[in-house]
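Below is one structure, written out as C-alpha cells; comments come after it.
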Ligand code: AMP
C-alpha cells in the first residue's frame, strides 16, 4: 500500500479543530440532537478526568435501538465505548488508516500532550488519499509534458 504522508496536523489545519463533546451524564437523545445539528457521526465524551469515551451512531443503532431502549432514558455514559483509541497530530494519515482498518472504527480523536486537538474521520482519510493521488498525477503529467517538449 502506498504511504500517505500527510500528517494528522495538516488534516486538522484544513478542516479545523472543533470537536463536539458531551459528558457521560448527557442523555443519548441530547447527544444525537447535537450530532444531527452539526452533521457528525460521533461525539467525544469528557469529564473532569479528560477524555473518557466515544459515542457514535453505531453505538446508538446496536446498543440502544436493537435492545428496544429509549434515547431519553439512557445516558451516553451507559452506551459509550471506553477506552478510546487516539492519535497525535504528528502521526501520518497512513497510520490512521491502519488503526481504523484494524479496529473497524471510523473516528479517531487527536490528543496532544493531554489536550484534545480535534477528531479525524474516515471521510478525512478518504479525502486525503484522493488529494495526494491527484497531486501525484499532476506532478507526473507535468513531468511527462516537460519531457516531451524538451
Ligand atoms: P464508528 O465506526 O466510528 O461509528 O465506531 C464503531 C464502534 O467503535 C463504536 O462502538 C464506537 O464507539 C467505537 N469507536 C469508534 N471510534 C473509536 C475510538 N477511537 N476508540 C475506541 N472505540 C471507538
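Computed from the coordinates by the stated procedures, all read-outs in this text should not be read as laboratory data. Values in this document were obtained by computation on a predicted structure and should not be read as measured data. Heads up, the Cβs are rebuilt from the backbone with ideal geometry, glycines too, and the neighbour counts pull from every protein chain shown.
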**Asked** What is the helix-to-structure angle for 93-103, meaning the angle in degrees between its Cα long axis and the longest Cα principal axis of the chain, kept from 0 to 90 and rounded to the nearest 10?
**Response** 40 degrees
**Message:** Taking only the Cα atoms of the range 8-145, how large is their convex hull per residue, in Å³?
**Reply:** 120 Å³
**DSSP-defined antiparallel bridges as percent of all bridges, the range 1-104, nearest 5** = 80 percent
**Prompt:** So if R0 is 30 Å, what FRET efficiency would residue 142 and residue 14 give, r being the distance between their Cβ atoms, rounded to the nearest 0.05?
**Reply:** 0.80
**Item:** Crossing angle, helix 28-38 versus the chain [Cα axis fit, 0-90 degrees, rounded to tens]
**Value:** 30 degrees
**Fill in**
the range 84-117 and the range 6-69 have their Cα centres apart by a whole-number Å value of 15 Å
**Prompt:** Against the longest alpha carbon principal axis of the chain, how many degrees, from 0 to 90 and to the nearest 10, is the axis of helix 122-149 turned?
**Reply:** 0 degrees
**Item:** Peptide ranges 52-58, 101-107 listed from the most packed, as the mean C-beta count within 10 angstrom indicates
**Value:** 52-58, 101-107
